[in-house]
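Asks: Below you'll find the structure I mean.
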Amino acid sequence: MFGLDISNILAQIRGQLAPELERLKVELECKLDALISAVLSGPRGQEYEFGRGKPEVRGHDPAVFPAIVKLAGKQRANLAALLSKTVTRGFAANIGTNPAILRFWKEQSPEPSAPFTLLPGQTVDFSWFFDEISVEEATPGQPVEVEVLAQ
């Protein structure tokens, strides 16, 4: 038809596609090997990458709203009671005009963490486990305001 040799055209197309198909085959084999490796390494591979979680601490549930509290002056908030679980992540922002001192508390430990000074306008992200947070003035007589979002 129209003087075209279909078999010749198909042979040319096959000749042009063959190297590309071979490259795709090799790439898919590499991806499959990587996927099999990830599946076989399972949780241990994830622990190597992200650290090992504690089985007694429930992880973050995106269906549960975060706890948001505003602390002023010398206050301590039990975030675990608000969330019904240990805090696993969140942040604290100093929304006041004076430096604030933060301390993190665990239910099992009577002593808090080392003091963390949060300057005005500064935010700290946390991704460790704790139950309560306390805020106090870095300089006596200078009021502080800190807002905390915890999940």
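Asks: As an exercise: evaluate Q108 against (1) of a type outside the set (S, T, Y); (2) surrounded by 14 or more Cβ atoms within 10 Å (Cβ to Cβ); (3) out of contact with any Leu (no Cβ under 9 Å at 6 or more places or on another chain) and give the number of the one condition it does not meet.
Replies: Tallying (1) of a type outside the set (S, T, Y); (2) surrounded by 14 or more Cβ atoms within 10 Å (Cβ to Cβ); (3) out of contact with any Leu (no Cβ under 9 Å at 6 or more places or on another chain), Q108 fails exactly one: (2).
Asks: Another question about this same structure. Check G42, G96, G73, G51 and return the single one that is on the phi > 0 side of the Ramachandran plot, modelled with pLDDT of 85 or more and small (G, A, S).
Replies: Answer to the check: G73.
Asks: So, one more: Would you mind stating whether P99 is free of Cβ contacts under 8 Å to residues at least 12 places away in the same chain and not aromatic (F, W, Y)?
Replies: In short, no.
Asks: Another question, if that's okay. Output the residues belonging to the range 106-141 that are more than 18 Å from S84 (Cα to Cα) and touching a Ser or Thr at 6+ places or on another chain (Cβ under 8 Å).
Replies: Matches in the range 106-141: P112, P120, A138.
Asks: Counting only residues that are surrounded by 14 or more Cβ atoms within 10 Å (Cβ to Cβ) and small (G, A, S), which one in the range 76-93 is modelled with the lowest pLDDT?
Replies: Per the stated criteria, the residue is A80.
The values are calculated or read from the model by the stated rules, or taken from the named source; none is laboratory data. Note that the structure is a prediction, hence the values are computed from the model and not measured. Because the Cβ atoms are built from the backbone with ideal geometry, glycine has one as well, and the counts that use them run over all protein chains shown.
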